[in-house]
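Chemist: Sharing a structure, written as structure tokens. Questions coming.
The values are calculated or read from the model by the stated rules, or taken from the named source; none is laboratory data. Being a predicted model, the structure only gives us computed values, none of them experimental. Note that we place each Cβ from the backbone using ideal geometry, even for glycine, and neighbour counts take in every protein chain shown. All accessible areas refer to the heavy atoms of the entire protein, side chains included, with ligands and DNA or RNA removed. Shrake-Rupley method; radii C 1.70, N 1.55, O 1.52, S 1.80 Å.
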Amino acid sequence: MKNESNNGAGIYKKAQRKPKKLGNSPVLWFIPLVLVLLLVFVYPIIEIIRFSFTDAGLIDRDYTYTLKSYFSLFTSPGFFNMLFVTGFFVFFSVTFQMMLGLAVALLVDQGMKRRLHGTVILRTAVLTAWAIPGVIIGIIWTMLYNESNAGVLNYILSFVGLDSGIAFLSDPINSLISVTFANVWRGTAFSMIMIYAGLQTISKDVIEATLVDGANAVQRLFKVIIPILSPVLFINLIVVTVETFNTFDMVMALTGGGPGRSTEVIALSIYNSIFRQFELGQGAATAVVLLLINTLMTVIYFKAIEKNQAVN
Amino acid sequence: MKINKLLMVIFVVGLLAIMSACVGNESKPDGDTSGKEGKGENESTVTINWQAIPPYSLQSTDENRVEYLQKAIDEWEAENGKFEINPMVTTSNISEGMAKLQEQAAQGRAPDVAMVDSYIFPRFYDYLQPLDSYLEEAGIELDDFFPFAQDVMTGPDGKIYGLQFTTDVRTLYYRTDLVPTPPQSWDEVLEIGKQLKEDGYNALMFPGGTDEPTVNTSLWPYYWAQGGELVDDEGNAVFGEGENRTKMLNALTYLQNLVDTGVTPSRVTTYGNEADLNAEIATGELAMFIGGNWQVSQMKEILGEEEFSKWGVSHIPHKDPNAKTTLAGGWVWGIFAEDEEKQQAAFDFIVHTFIGDKGMGNWATIGGYLPTRESVYKHESYTGNVFTDQFSEFLNHAQMRPAATSYTKISAELQNAASSVLSGGKTPEDALQDAWDAVK
């Protein structure tokens with residue numbers, strides 16, 4: 001017995017001493033991934049941060065290291081307006097995308113449970129908005145918001161007595177609301193998908209128990225469904241917020257940031273600085289501001305996941 | 001062991017593939033989207049890399065243009081058996097395309113011959129080859145080009161570095177049945193405009209969004225006509241100080257007056273370029289607009305001959321009724337090739353297709369452009385339109401945008417200023433001050 005034991009330990013030690021084969025090590029398998037991450041993510045971020053501390057132009061690459069780009073950005077007359085526009089756009093986009101996403105998800109869920117006709121069509125129609133590229137959505141809404149006689153929305157509004165039409169895109173305040181509305185339309189589908197998936201995880205027993213307790217629909221929604229969905233809603237909130245901060249294509253196609261700078265969000269400002277004004281340094285500094293905002297959102301996202309896992 | 005070897009082989013092969021791809025990219029000029037290998041590798045054939053923007057290339061959506069270009073290339077190649085044209089296309093985003101070309105030129109990677117936007121052409125003088133001897137051999141006189149084109153083509157050392165082959169001009173279009181005598185001044189525009197507005201028409205429109213055509217049609221001509229300067233001799237912005245400030249303020253205040261009086265609807269801020277006005281023209285409710293000469297063919301297509309015949313053109317009205325200032329643009333060919341044989345071949349091809357009497361006449365006719373050589377207007381190959389004589393007269397009062405590198409920033413900020421004033425978002429004073437603060 002003793003011998004057997006000794007023998008077993010010897011085998012174990014022998015196995016421990018055995019030199020590691022490269023093929024058994026995970027390092028080599030990670031090399032391609034690390035290379036891709038370094039090239040595609042880390043290197044561009046380092047370059048953006050580096051350029052943000054220069055006065056580089058897109059054409060003339062001779063530059064010096066300076067804080068001028070940040071100084072110029074923070075003292076620019078349009079900087080705080082850009083932050084306000086972005087804040088408005090993100091806040092209202094996210095709020096309404098979440099609310100409408102929840103509403104549509106509940107409708108689809110109820111429709112599916114009651115086996116109503118057209119539920120699949122409704123779900124597909126909503127998803128279509130999400131699948132359309134932002135530029136196309138921008139063009140579609142440009143046609144809808146058109147303020148001439150060819151405008152679709154103004155034509156419809158003329159039937160309810162608004163003959164003079166609404167300046168959807170030519171008024172600075174209206175244009176910001178119009179752009180936000182179009183973005184809500186675009187983003188509601190994503191929230192709907194997330195929340196609908198969350199709804200499928202709610203146990204039927206829980207809902208039945210609330211019915212037995214005599215809870216009405218509103219009570220069921222606010223006291224049971226939303227609390228259960230809260231982890232999904234929170235993750236959805238973070239993802240949608242980051243996505244909205246990065247929105248550029250639709251705004252570019254719809255208003256180009258105008259009139260003036262009334263709809264110029266941060267992401268669009270970066271494009272304008274680098275590709276229209278050729279100011280690589282200032283564009284990079286603006287990109288760093290956006291990067292910081294997104295990093296903050298990501299930190300909150302991970303903290304939320306950690307907290308959620310701890311609760312579970 | 002086998003796994004180790006296999007992994008190492010995969011790793012090394014992958015690394016080599018990436019390295020070879022990098023090396024391979026260096027040997028091919030940027031912008032080559034033709035997919036054509038070229039006969040350059042063949043000892044007997046020399047490839048000329050010819051770069052154009054999409055509407056001037058074989059990728060144009062206009063069949064007539066493509067047909068003309070393909071025929072011109074085939075003819076020229078047949079006459080010059082040793083050479084082959086390699087068509088390259090740059091991006092349709094002009095600013096981006098020009099930025100990339102300048103970067104290529106600075107690194108010695110520019111195509112042999114390329115199109116350059118006329119207003120930034122002076123930025124390329126250092127990288128371009130002088131063409132004086134080639135022009136002399138071809139018998140083309142510099143004096144035959146319009147004065148503004150000569151200025152662009154001639155470098156600071158007096159040598160000719162480019163060949164401007166098209167130009168365009170901004171003008172006032174007006175409905176002759178509604179406006180028998182076109183307005184000559186801002187006061188007349190407001191007076192006539194108010195009456196037209198009362199009669200139910202959109203009196204005057206122009207691009208007013210945040211894009212380059214807004215300043216080209218709706219700000220620079222007004223400002224220049226008062227003697228305003230955008231930059232000084234060193235290329236520094238000067239529009240926000242001294243008398244220039246007053247002149248710019250006058251122009252912005254005029255824009256504000258147009259909207260406040262209802263002469264111009266504020267929705268012009270949603271129109272980023274001249275073509276955006278086509279829908280308004282089609283309604284039949286637009287009395288006047290400021291646009292470009294190239295819109296004639298578009299208008300004929302939209303309106304038909306009968307409705308189109310109601311339209312006339314005139315100088316852009318200014319503060320001073322005697323001023324006739326307008327803005328001209330256009331494109332210039334520049335030769336970057338250092339090899340003399342290639343220079344000669346590139347020059348010959350450009351003259352054959354775009355610069356010679358026949359080439360310029362044909363291309364201007366097909367594309368709806370204005371020739372840059374006065375003699376071509378009388379050449380049989382050029383067929384203008386009913387307004388051609390007036391457009392060529394307007395060109396004598398044309399100015400071009402400054403080539404200074406600061407211009408892009410100045411333009412972007414003043415596009416925002418004009419758009420903000422037209423939308424009612426800012427007063428002319430605030431808009432100008434913000435633009436000046438951002439630029440200075």
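Chemist: In the stretch B:256-283, which residues become less accessible by 40 Å² or more once every protein chain is in place, relative to the chain on its own, using a 1.4 Å probe?
Modeler: Buried on complex formation: B:Arg267, B:Thr270.
Chemist: Next question. Can you give me the C-alpha center-to-center distance between the stretch B:95-156 and the stretch A:185-210, rounded to a whole angstrom?
Modeler: Cα centroid to Cα centroid, the span is 63 Å.
Chemist: Over the Cα atoms of the stretch B:159-280, what Rg and Dmax result, in angstrom?
Modeler: For the stretch B:159-280, the Cα-based Rg and Dmax read 16.4, 56 Å.
Chemist: Report relative contact order for chain B in percent, whole number only (criteria: Cα-Cα under 8 Å, sequence separation at least 6).
Modeler: 23 percent
Chemist: With θ taken as phi - 60° and the coefficients 6.51, -1.76 and 1.60, list the Karplus ³J(HN,Hα) couplings across the stretch B:329-336 in order, rounded to whole Hz; mark glycine and proline as x.
Modeler: Result, rounded to whole Hz: x, x, 10, 10, 8, x, 9, 9.
Chemist: Would you list the membrane-span-like helices of chain B, meaning whole DSSP H runs whose alpha-carbon atoms span at least 20 Å along their axis and whose mean Kyte-Doolittle value is at least 1.0?
Modeler: B:2-27
Chemist: Continuing with the same structure: Dividing the convex hull volume of the alpha carbon atoms of the stretch A:76-311 by its residue count, what do you get in Å³ per residue?
Modeler: Hull volume over Cα atoms, normalised by residue count, gives 153 Å³.
Chemist: Ok, one more. Going toward the positive end of the dipole of the stretch B:184-278, with +1 on Lys and Arg Cβ and -1 on Asp and Glu Cβ, which of B:Asn257, B:Tyr271, B:Asn202 do you reach last?
Modeler: B:Asn202
Chemist: Also: Using a 10 angstrom cutoff on alpha carbons, build the Gaussian network for chain B and name the most mobile of B:Thr408, B:Thr326, B:Thr90.
Modeler: Maximum among the listed residues: B:Thr408.
Chemist: Among A:Ser178, A:Ser158, A:Ser191, determine the one that fluctuates most according to a GNM of chain A built with springs between C-alpha atoms less than 10 Å apart.
Modeler: The residue that fluctuates most here is A:Ser158.
Chemist: Separate question: How far is it, in nm, from the label point at B:Asp339 to the one at B:Asn250 when both lie 7 Å from their Cα along the line to the Cβ?
Modeler: 5.5 nm
Chemist: If you roll a 1.4 angstrom probe over the protein chains with everything in place, what fraction of the accessible area of the stretch A:76-311 belongs to carbon and sulfur, to the nearest %?
Modeler: 71 percent
Chemist: Of B:Lys100/B:Lys409; B:Lys324/B:Lys378; B:Lys358/B:Lys378; A:Lys204/A:Lys303, which sit over 22 Å apart, Cα to Cα?
Modeler: B:Lys324/B:Lys378; A:Lys204/A:Lys303
Chemist: Could you calculate the contour length gain from A:Leu116 to A:Ala217, that is, 0.36 nm times the residue separation minus the distance between their Cα atoms, to one decimal place in nm?
Modeler: 34.5 nm
Chemist: Averaged per residue, what accessible surface does chain B expose to a 1.4 Å probe, in Å²?
Modeler: 42 Å²
Chemist: Continuing with this model, one more query. Rounded to the nearest percent, how much of the accessible area of chain B (1.4 Å probe, protein heavy atoms only) is carbon and sulfur?
Modeler: The computed percentage sits at 47.
Chemist: When the Kirkwood radius is taken over all Cα pairs of the stretch B:84-242, what Stokes-Einstein diffusion coefficient follows at 4 °C and 1.567 mPa s, in µm²/s?
Modeler: 66 µm²/s
Chemist: Which positions within the stretch B:399-416 get 20 Å² or more of their accessible surface covered by the other protein chains, compared to the chain by itself, with a 1.4 angstrom probe?
Modeler: Those are B:Thr408, B:Lys409, B:Ala412, B:Glu413, B:Asn416, which lose 20 Å² or more relative to the chain on its own.
Chemist: Leaving out ligands, DNA and RNA, calculate the buried accessible area for the pair A and B with a 1.4 Å probe, summed over both sides, in Å² to the nearest 100.
Modeler: 2700 Å²
Chemist: Taking the C-alpha atoms of the stretch A:182-312, how large are the radius of gyration and the largest Cα-Cα span, Dmax, in Å?
Modeler: For the stretch A:182-312, the Cα radius of gyration and maximum Cα-Cα distance read 20.1, 66 Å.
Chemist: Which of these, B:Ser60, B:Ser392, B:Ser411, has the largest mean-square fluctuation under a Gaussian network model of chain B (Cα springs below 10 Å)?
Modeler: Top of the fluctuation ranking is B:Ser60.
Chemist: Compute the distance in nm between two label points, each set 7 Å from the Cα along the Cα-to-Cβ direction, one at B:Asp232 and one at B:Ser44.
Modeler: Between B:Asp232 and B:Ser44, the simple spin-label model gives 6.2 nm.
Chemist: To the nearest 20 Debye, how big is the dipole of the protein assembly as shown about its Cα centre, given +1 on the beta carbon of each Lys and Arg and -1 on that of each Asp and Glu?
Modeler: For the protein assembly as shown, the charge dipole is close to 5800 debye.
Chemist: Quick one: Cα centre-to-centre distance for the stretch B:255-304 and the stretch A:103-158, in angstrom?
Modeler: 31 Å
Chemist: Give me the one-decimal nm value for the distance between modelled label points at A:Thr124 and B:Thr176, 7 Å along each residue's Cα-to-Cβ direction.
Modeler: 5.7 nm
Chemist: Do the sum for chain A: with -39,500 (n - 2.57) for every DSSP H run of n ≥ 4, divided by all residues, what is the mean residue ellipticity at 222 nm, to the nearest 500 deg cm²/dmol?
Modeler: -22500 deg cm²/dmol
Chemist: With r defined as the distance between the Cβ atoms of B:Asp260 and B:Asp199 and R0 fixed at 22 Å, what FRET efficiency is calculated, to the nearest 0.05?
Modeler: Taking R0 as 22 Å, the efficiency between B:Asp260 and B:Asp199 is 0.70.
Chemist: Express the relative contact order of chain A as a whole percentage, based on alpha carbon pairs under 8 Å and six or more residues apart in sequence.
Modeler: 27 percent
Chemist: Further question on the same structure: Using the Kirkwood radius over Cα pairs, work out the Stokes-Einstein diffusion coefficient for the stretch A:34-143 at 37 °C and 0.692 mPa s, in µm²/s as a whole number.
Modeler: Taking Rh from Cα pairs, D becomes 173 µm²/s.
Chemist: While we're looking at this one, here's another question. Rounded to whole Å and sorted largest first, list the principal axis extents of the Cα atoms in the protein assembly as shown.
Modeler: 112, 75, 53
Chemist: Considering only DSSP beta bridges where both residues belong to chain B, give the percentage that are antiparallel (nearest 5).
Modeler: 60 percent
Chemist: Okay, moving on. Over 23 Å between C-alpha atoms is what I'm after, so list which of B:Lys319/B:Lys440; B:Lys82/B:Lys159; B:Lys197/B:Lys310 land there.
Modeler: Table pairs above 23 Å Cα-Cα are B:Lys319/B:Lys440; B:Lys82/B:Lys159.
Chemist: What percentage of all Cα-Cα pairs in chain B are separated by more than 29 Å?
Modeler: 51 percent
Chemist: For the protein assembly as shown, with the dipole built from +1 on Lys and Arg beta-carbon atoms and -1 on Asp and Glu ones, taken about the Cα centre, which of A:Val108, A:Asn183, A:Thr263 lies farthest toward the positive end?
Modeler: Comparing the listed Cα positions along the dipole, A:Val108 ranks first.
Chemist: In debye, nearest 20, what is the charge dipole magnitude of chain B about its Cα centre with +1 on Lys and Arg Cβ and -1 on Asp and Glu Cβ, if you could check?
Modeler: My answer is approximately 1180 debye.
Chemist: Per residue, how many Å² of accessible area does the stretch A:76-311 show with a 1.4 Å probe?
Modeler: Ligands and nucleic acids excluded, the figure is 49 Å² per residue.
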